[in-house]
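Every number in this text was worked out from the coordinates using simple rules, so none of it is lab data. Since the model is a prediction, treat every value here as computed from it, not as a measurement. Note that each Cβ is placed from the backbone with ideal geometry, even for glycine, and that neighbours are counted across all protein chains shown.
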Amino acid sequence: MLRGSVGDVDGARHWLANSVAIQRELGRGDEASTTLALLAAIANLQGDHESADAAILESLQAGSAVKDRRLGWTLDVLSARLVEDRPEMAEQLAGAASAMHSSVGIQPPAVWEALVQSALAPARAALGEQAAAAAWEEGRQMHFEEAVALALAQASAGRTVSQP
């Protein structure tokens, strides 16, 4: 991700894809959930929504198999994908992501938080601040398994393009 933070988004995507390939080759696909989430985020930002959606689903499947609470990264990306057509769901999943990050002591970097907040702005505008805050809090209160099941259902049902 360092390459992405210095503006080499294509390079970051290449190295993340290589990392996932190595993890699969070594039989450690179960450890790929966070790498896949970062790969999905970059693909989404680049407008490659098909690749983003595939990486989100694979990340959720890999992470749920081992109860990886770092799936908060994946829920953040999925929430960005759902903003346009399912703003309430986007807010709920973003709230669940926030709770997952907290549960493992992760404070996402400011640049990540800015991307997530920017992606969620249309959901807040559509719902209104009070409804958006309620949906967020509902997500924060979900148990891990409930949030992952909801995310898997959304990712499996098809996603919505929310970023141009």
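Between the helical axis of 144-157 and the dominant principal axis of the chain, each derived from Cα atoms, what acute angle in degrees is found, rounded to the nearest 10? Value to nearest ten degrees: 80. Think of each Lys and Arg Cβ as +1 and each Asp and Glu Cβ as -1; about the Cα centre, that makes the dipole of the stretch 11-164 roughly 280 debye. Taking square-rooted eigenvalues a ≥ b ≥ c of the alpha carbon gyration tensor, is the stretch 97-136 rounded, prolate or oblate, where a/c under 1.5 means rounded and, failing that, a/b exceeding b/c means prolate? Note, shape of the stretch 97-136 comes out oblate. The stretch between A149 and D48, if pulled fully straight at 0.36 nm per residue, gains 33.9 nm over its current Cα-Cα span. Answer rounded, prolate or oblate for the stretch 23-89, using the Cα gyration tensor with square roots of eigenvalues a ≥ b ≥ c: rounded when a/c is under 1.5, else prolate when a/b is larger than b/c, else oblate. It is oblate, given that a/c is not under 1.5 and a/b is not larger than b/c.
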